[in-house]
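The values are calculated or read from the model by the stated rules, or taken from the named source; none is laboratory data. What you see is a predicted model; the values in this text were computed from it and never measured. In this analysis, Cβ positions are derived from the backbone assuming ideal geometry, glycine residues included, and neighbour counts consider all displayed protein chains. For the accessible areas, the whole protein counts, side chains as well, though only heavy atoms, and no ligand, DNA or RNA atoms are used. Shrake-Rupley method; radii C 1.70, N 1.55, O 1.52, S 1.80 Å.
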Amino acid sequence: MFPETVLHTDRLVLRPFTDADVQDTQASCADGLTQRWLPLPRPYTLDDAAAWCTSVSHALRESGDGIHFAVTDTRTERLVGTVGLKKTDWRALTSEVGYWISPWARGHGIGAEATRALARWLLTDHRFERLELRAATANTASLRTAAKSGFHREGILRNAGFVHDGRVDLVLFSLLADDLTAGE
């Protein structure tokens, strides 16, 4: 499993979720745009948020599946999103990144900054071989975040995603350790 970790960028702190994140997690996950692209419980309640913040996100790390970070503003300490790893293959040294950004924080490059920090930690510090990102073909904000994070578009996974409205095609992106140094 990944060690419990805190990561820092100029504007952000990526840290484990706590009960202090429950209200902002509920507001973020109940948001219409978040609900459009992620098959989260609908309605997304305070109980759902409390479970995520205090047990589920931690259990996923402890199970070896990945690690999930509360993304917070360095100055205000307010939750502005999440970024995490899932479907980690420890033998192949691959994982998949996912994220959502709180409605009050969108449009400021937070998703790309947090994703890049997590990617550097995974590919450099833990020497993983490959990080994947999947985004619905119509989710333009997520597609922009992938590109701004330095991911390379590989192709379309037909009918590979599920959202509340049904099945969607996903764009598959990847990032390798060499891609990190190429972007500097």
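Remarks
- Contour minus Cα-Cα distance for T181 and R127 (0.36 nm per residue): 18.1 nm
- Taking a sphere under 15 Å around the Cβ of T72 and counting the other residues whose Cβ falls inside, with K and R at +1 and D and E at -1, yields a net charge of -3.
- In this entry, region 70-172 is assigned a mean projected area of 7.2 nm², taken as a quarter of its C-alpha convex hull surface.
- Hydrodynamic radius (Kirkwood) for region 69-127, which is based on Cα pairs only, to one decimal in Å: 12.2 Å
- Among V56, V97, V13, the largest mean-square fluctuation in a Gaussian network model of the chain, built with springs joining Cα atoms closer than 10 Å, belongs to V56.
- Computed over the Cα atoms of the chain, the ratio of the radius of gyration to the Kirkwood radius (Rg/Rh) comes to 0.93.
- Apportionment of accessible area to carbon and sulfur, region 56-113, percent (1.4 Å): 51 percent
- For region 105-123, the residues whose backbone nitrogen is under 18 Å from a point 7 Å from the Cα of R153, taken along Cα to Cβ, are 112.
- Mean silhouette area of region 111-154, derived from the convex hull of its C-alpha atoms and averaged over all directions, reads 3.0 nm².
- Remark on A136: its backbone amide H falls under 5 Å from those of V171, a criterion applied only to residues 5 or more positions apart or on other chains, H modelled at 1.01 Å from N.
- Accessible surface computed residue by residue for the chain, with neighbouring protein chains in place and a 1.4 Å probe, gives 51 Å² per residue.
- Total formal charge among the other residues, if their Cβ is under 15 angstrom from that of Y44, Lys/Arg +1 and Asp/Glu -1: -3
- In the frame of its principal axes, region 39-93 has Cα extents of 37, 30, 19 Å, reported largest first.
- When only Cα pairs below 8 angstrom with a gap of at least 6 residues are kept, region 1-132 shows a relative contact order of 24 percent.
- Shown in residue order for region 50-62 are the 3J(HN,Hα) couplings computed by the Karplus curve 6.51 cos²θ - 1.76 cosθ + 1.60 at θ = phi - 60°: 4, 4, 4, 6, 9, 9, 4, 4, 6, 5, 5, 5, 5 Hz (x for Gly and Pro).
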